[in-house]
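Reading through the structure tokens given below for one structure.
The values are calculated or read from the model by the stated rules, or taken from the named source; none is laboratory data. Since this is a predicted model, take the numbers as computed values, not measurements. As a convention, Cβ positions derive from the backbone with ideal geometry for all residues, glycine included, and neighbour counts pool all protein chains shown.
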Amino acid sequence: MGVFLLRRAASSLSVLAMSVVLVFLSIRILPGDPVLAKLGAATEVTPEALVALREEAGLNRPLLVQLFSWIGDAFRGDLGVSYFSQFPVTQLVSERIPVTLEVTFFIIFIAVILALILAPLSTLKPGSIVDRVIGYSTSIGLSVPGFVIGIVLILIFSLTLQWLPSRGFIPISENLVENLKLMILPAVTGGLTATPYLVRYLRASMLEVKQSPFVRTAEGKGLSNVRVLFRHILPNSLVPTLTMLGLIVGYTLSGVVVIEYMYGLPGIGSLAIESAFKRDYAVIQGVALTIISFFILTTFVFDILCGIVDPRLRLAKGQKSEV
Amino acid sequence: MTSALVVKGLSLSVPSANGRVTVIDDLTFDIPAGRRVGLVGESGSGKSLTAYSLMRLIKEPVRIEKGEIFLDGQEILGMDIKKFRHLRGNDISMIYQDPMSALNPIMRIGAQIIESIQLHSDLNRAQARKAAIELLASVGIPEPDRRIDSYPFEMSGGMLQRVVIAIALSGEPKVLIADEATTALDVTTQARVLTLIDKLAAERGLSVLLITHDLGVAAQFSDELMVMYAGKLVERGSVNQIFSNAVHPYTKALLNSHCDYTTDVNKPINSIAGQPPRPDNRPTGCVFSPRCAHVQPECREKVPQIEMVHDRLTACFRAGELLELGAVNK
Amino acid sequence: MKFKWRYSFSGFLILLILGICLAAPILAPYDPNAIAVADAFSGPTAKNWMGADDLGRDSFSRILYGGRITILIAMAATLIALLIGTTWGLIAGVRRGWVDEFLMRTADATMAIPQILFALVCVSAVGASIISLPIVVGILLSPTTARMARSAVVTELSSDYVTAAIASGTKRSKLILSEVMPNIAPQLLVQLSINAAAAVMLEATLSFIGLGIQPPNASWGTLMLQGYAKIWNTYWFVFFPALAVTITILAFNAYGERIRVTMDSRRSSV
């Protein structure tokens, strides 16, 4: 088990390293000058002043030096300073992370619950009306952009029925009920965006598992269809789906950015968007690093979960099972 | 002696390019209580489908068109499926072909046995676990209290098959179906598993339906043999009768083509000319007629019914004469 | 190899959408930017089929022109993704060894970056325009194509007919062009379709949050952004572009699915 963990960790870290470098390089290489952006078009800038400012921001150093210096700082917890607000990036990010975490958690929660209901329903009687309705719904669900789902939900629940608020955020520490009320629409929006992928994948996996001989053995014992589905088919379908779930989390994190913006949630997603408008590279970099790290951490965790669910995966290549 | 199992007029169909075609045709047989009956035939003859029908494990696209099956006097095909599930695995159970794939790979073997035990009894978890350990011991698994928590991939084929047998015996079965139970095992393990089944069946007074394409295995284990060809039962008799003087041309040809270590390696292997017909391509009249050495015009027109000819059941118009011929030639 | 998918409904739908949008200048009844305050806020009427926005501009015309922009960007992005991705995957699949490792790790790393985030980063640096968006989106979508191209090439190259061809002296480069490419073409087409759907979705999302096409130009996403601000009384500002986007994405996805299903059934029947 230990070796398994180490291997997975090494793999994740290498991917993390590469993505971070990619983000960093993209910002530096792409045309567009952060310093000019900071100054704004209105100011008249002498060439000397420009050079001086760039010097100050450290943008004249060779690329690699910039990269390593940033990474070094990042390790010490210093992600730089926002070009605009002068607040340390780390502070900005850590202030807003709890919101993102809360929303992401609820989104995944809803998506998983929905998938665990819909996929088995579909598989119980393949080809039935239930199965086909679920099938068409997932097709449509995949094709609707997340924000459109959000718009529809707001239209129905906020504007027409007036049941739920459509914007804003109140910390849990202040008021739990209001906080949850404000979380419902964003979480459902995100959940509905992610569910179709999950349901599709889980359903395909379950249908495949259904053909296996051991399912027949289970039925041969006299077990009911439902028990066979949940005790034998579903667990065996989870392994490939868990990997997919890791990816889904990635997509969700992507979608969270838009959802936070739409619903006025002060998380790191909306921070990223605001900074993008302002071309505040320091912040964008810091947010990107945080989000990517979370994503890779989640895929890592799901890989481990796979190992727990399916003991066969814990064996390394060439390692024999004890007899 | 009542029959543990009676099958009447069982017919199964599958879809084909031209609509549904029959794969098992009007199958009728019975298995008396405590008897061992072997069912032999080539691949595609319908042996496994017969087995699944007995457990009502037939799934689309295969369909049971008609027939009745009586388990200990109760008709089970027409029964409510929920009611039947109480019998399945309990009064009638099955041992499967490939033990490696017949067990849930991510569930400990103990849990799989306990699941079955608790389904058919009122035992609580602890009691069921004890019973499972005893069961594992009775099927010959060493250190059952340790093995009970193993995963299938940690055990060999022979051991796994014993686990499958254990599961099959976790209820109070009266009929045990062994569907090619030893085909996936090597010869020595085969022998051991067969001995085990033999012992357990004798201990519990079970009837056994042993399905195999291996005549040697069938002969060794069974009291009686049934021969199937292209979905029809063509002959039935005691092992002695069949091996000393088979009547049906197909049975004879089958016995003739049998090889073992006593066969002369210098002579070519006797095989039966031709191929078994596909379900959608069955000949009119006797289904074996295209390959039969004793075929007559009548055979191609009418379908021979299985009937008692002297001392055994066979489906052949020329059964009487062939029997005489066979007795003379001995 | 003539597949039946040429005549599928989704394929037809795609062509229809493409045709209508690209022909916007001909089909649109009004100039999309023509302000007519008198008609402002009107719902769907005979004069304005899909209503008019807050400045009286005809929604239908704006949707047609908006579609033109969205489709153009999506098509360009898809092509760029195809070109980059296929080359990427081909090189990796043919070269193997550490080149393969490195290229595929890079692909993984790119895929590890959540899409919107990556787009955000790039767009904030370069600005959003009709040129920059397809490039950014195209680069974003290329790793999946690369992975698919690589595995397809690897599979093909290990098949018997290739081994036979190499044994009889055919040059590898010629092989790839004449034999391997046609065989992986259907899979590439599936990828193309799926990428097109993703491109439309990405562009719409980016424009909706304001980092895409800027006013006065309007893609479907931008229209929805403008409509969202006025959603309280006039839902149809958002409704029609949303419908258009959804149908387009649905058509592309369905088409890709259709091809994939046809391919699978062909393979299993062989």
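The residues of region B:108-130 that are among the aliphatic types (A, V, I, L, M) and more than 28 Å from the chain's Cα centre (by Cα), listed by number, are B:Leu123, B:Ala126, B:Ala128. Going through (1) closer than 18 Å to C:Ile80 by Cα; (2) small (Gly, Ala, Ser); (3) away from chain A (no Cβ under 13 Å) one by one, C:Ala218 falls short only on (1). Of the listed requirements (1) within 14 Å of chain A (Cβ to nearest Cβ); (2) surrounded by 22 or more Cβ atoms within 10 Å (Cβ to Cβ), B:Gln118 misses just one: (2).
Are any residues in region C:88-118 more than 9 Å from chain A (Cβ to nearest Cβ) and either basic (Lys, Arg) or touching a residue at least 24 places away in the same chain (Cβ under 8 Å) (or both), and if so, which ones? Full working, then the answer.
Restricting attention to region C:88-118, the residues satisfying the condition of being more than 9 Å from chain A (Cβ to nearest Cβ) are C:88-104, C:107.
Result: C:Trp88, C:Gly89, C:Leu90, C:Ala92, C:Gly93, C:Val94, C:Arg95, C:Arg96, C:Asp100, C:Leu103, C:Met104, C:Ala107.
Does A:Thr252 satisfy the condition of being touching a Gly at 6+ places or on another chain (Cβ under 7 Å), part of a helix (DSSP H, G or I) and more than 10 Å from every other protein chain (Cβ to nearest Cβ)? Walk me through how you get there before you give the answer.
Working: touching a Gly at 6+ places or on another chain (Cβ under 7 Å): yes; part of a helix (DSSP H, G or I): yes; more than 10 Å from every other protein chain (Cβ to nearest Cβ): no.
Taking the combined requirement at face value, the residue does not satisfy it.
Here A:Ser270 meets the list (1) closer than 30 Å to A:Ser158 by Cα; (2) more than 10 Å from chain C (Cβ to nearest Cβ); (3) polar (S, T, N, Q) almost entirely, failing just condition (2). Within region B:311-330, the set of residues being in a loop (DSSP other than H, G, I, E, B) and either touching a strand residue (DSSP E or B) at 6+ places or on another chain (Cβ under 6 Å) or exposed (fewer than 14 other Cβ atoms within 10 Å of the Cβ) (or both) comprises B:Asp311, B:Ala315, B:Lys330. Just so you know, in region A:192-215 the residues that are free of Cβ contacts under 8 Å to residues at least 12 places away in the same chain and assigned to a helix (DSSP H, G or I) include one that is farthest from A:Ser139 (Cα to Cα), and it is A:Pro213.
Looking at region C:208-225, can you tell me whether even one residue there is small (Gly, Ala, Ser) and on the phi > 0 side of the Ramachandran plot? Break it down stepwise before answering.
Filtering region C:208-225 for residues small (Gly, Ala, Ser) gives C:210, C:212, C:218-219, C:221.
Of the ones still in play, those that are also on the phi > 0 side of the Ramachandran plot are C:210.
Yes.
In the set (1) surrounded by fewer than 23 Cβ atoms within 10 Å (Cβ to Cβ); (2) within 12 Å of chain A (Cβ to nearest Cβ); (3) under 17 Å from the mean Cα position of the chain (by Cα), B:Leu185 fails one condition alone, (2).
Please state which one of C:Ile71, C:Ile17, C:Ile35 is modelled with pLDDT under 80, of a type in the set (A, V, I, L, M) and either under 28 Å from the mean Cα position of the chain (by Cα) or within 26 Å of C:Val153 (Cβ to Cβ) (or both).
On the way: C:Ile71 fails: modelled with pLDDT under 80; C:Ile35 fails: either under 28 Å from the mean Cα position of the chain (by Cα) or within 26 Å of C:Val153 (Cβ to Cβ) (or both).
None of the other options fit; the residue is C:Ile17.
Conditions tested, residue by residue: (1) closer than 19 Å to A:Leu101 by Cα; (2) surrounded by fewer than 22 Cβ atoms within 10 Å (Cβ to Cβ).
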site: A:Pro235; (1), (2): no, yes
site: A:Thr252; (1), (2): yes, no
site: A:Glu274; (1), (2): yes, yes
site: A:Thr298; (1), (2): yes, yes
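Go over the candidates B:Ser289, B:Ser244 one by one and state the one that is buried (at least 17 other Cβ atoms within 10 Å of the Cβ), at pLDDT 75 or above and of a type in the set (S, T, N, Q). Give the derivation first.
Details: B:Ser244 fails: buried (at least 17 other Cβ atoms within 10 Å of the Cβ).
When all the criteria are applied, what remains is B:Ser289.
The criterion of at least 3 residues that are more than 9 Å from chain A (Cβ to nearest Cβ) is met, among strands (runs of 3 or more DSSP E) falling completely within region B:31-115, by B:36-40, B:63-71.
One line per residue, one yes/no per condition, for (1) of a type in the set (A, V, I, L, M); (2) crowded, with 19+ Cβ neighbours inside 10 Å:
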| position | (1), (2) |
| --- | --- |
| C:Ala199 | yes, yes |
| C:Phe208 | no, yes |
| C:Trp220 | no, yes |
| C:Met224 | yes, yes |
| C:Trp232 | no, no |
| C:Ile249 | yes, yes |
| C:Gly256 | no, yes |
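With the structure loaded, tell me whether B:Ala202 is more than 19 Å from B:Ile31 (Cβ to Cβ) and without any contact (Cβ under 8 Å) to a residue 60 or more places away in the chain or whether it fails that test. No: the conditions fail for B:Ala202. Consider region A:229-249 and keep the residues that are away from every other protein chain (no Cβ under 11 Å) and within 30 Å of A:Phe169 (Cα to Cα). The one that is nearest to the chain's Cα centre (by Cα) is A:Ile248. For B:Pro283, the criteria (1) at pLDDT 75 or above; (2) within 20 Å of B:Val40 (Cα to Cα) hold in every case but one, which is (2).
Scanning region A:154-181 for residues that are closer than 18 Å to A:Arg96 by Cβ and either part of a helix (DSSP H, G or I) or not small (Gly, Ala, Ser) (or both) yields A:Arg167, A:Phe169, A:Ile170, A:Pro171, A:Ile172, A:Glu174, A:Asn179. A:Arg279 meets all of the listed conditions (1) on the phi < 0 side of the Ramachandran plot; (2) at the interface with chain C (Cβ under 10 Å from one of its Cβ atoms); (3) basic (Lys, Arg) but one, namely (1). Within region B:149-164, the set of residues being buried (at least 19 other Cβ atoms within 10 Å of the Cβ), over 13 Å from B:Gln97 (Cβ atoms) and more than 11 Å from every other protein chain (Cβ to nearest Cβ) comprises B:Gly158, B:Arg162. Quick check: is even one residue across region C:236-256 away from chain A (no Cβ under 13 Å) and touching a residue at least 40 places away in the same chain (Cβ under 8 Å)? So far as region C:236-256 goes, no, none of its residues is away from chain A (no Cβ under 13 Å) and touching a residue at least 40 places away in the same chain (Cβ under 8 Å).
Taking region A:257-274 only, how many residues are in contact with a Ser or Thr (Cβ under 7 Å, 6 or more places away or on another chain), assigned to a helix (DSSP H, G or I) and within 14 Å of A:Val93 (Cβ to Cβ)? The qualifying residues number 3. For A:Val103, the conditions (1) loosely packed, with under 14 Cβ neighbours inside 10 Å; (2) on the phi < 0 side of the Ramachandran plot are fulfilled apart from (1).
Among the criteria (1) closer than 30 Å to B:Gly38 by Cα; (2) more than 9 Å from chain A (Cβ to nearest Cβ); (3) among the β-branched types (Val, Ile, Thr), the one B:Ile167 does not fulfil is (2).
Here A:Ala204, A:Ala218, A:Ala187 are screened, and the one residue that is crowded, with 22+ Cβ neighbours inside 10 Å and more than 11 Å from every other protein chain (Cβ to nearest Cβ) is A:Ala187.
For region B:82-106: of the residues being aliphatic (A, V, I, L, M) and touching a residue at least 24 places away in the same chain (Cβ under 8 Å), which is farthest from B:Gly157 (Cα to Cα)?
The first filter runs over region B:82-106 and keeps only residues aliphatic (A, V, I, L, M), leaving B:87, B:92, B:94-95, B:100, B:102-103, B:106.
After this cut, where a residue has to be touching a residue at least 24 places away in the same chain (Cβ under 8 Å) as well, the list is B:92, B:94-95, B:100, B:102-103, B:106.
Values: B:Ile92: 24, B:Met94: 17, B:Ile95: 13, B:Met100: 6, B:Ala102: 11, B:Leu103: 11, B:Ile106: 16 Å.
If we take residues in region B:82-106 being aliphatic (A, V, I, L, M) and touching a residue at least 24 places away in the same chain (Cβ under 8 Å), then B:Ile92 is farthest from B:Gly157 (Cα to Cα).
Within region B:32-55, the set of residues being crowded, with 20+ Cβ neighbours inside 10 Å and basic (Lys, Arg) comprises B:Arg36, B:Lys47. Any residue at all in region A:221-228 that's away from chain C (no Cβ under 13 Å), touching a residue at least 24 places away in the same chain (Cβ under 8 Å) and either surrounded by fewer than 24 Cβ atoms within 10 Å (Cβ to Cβ) or under 15 Å from C:Ile209 (Cα atoms) (or both)? Yes: one or more hits.
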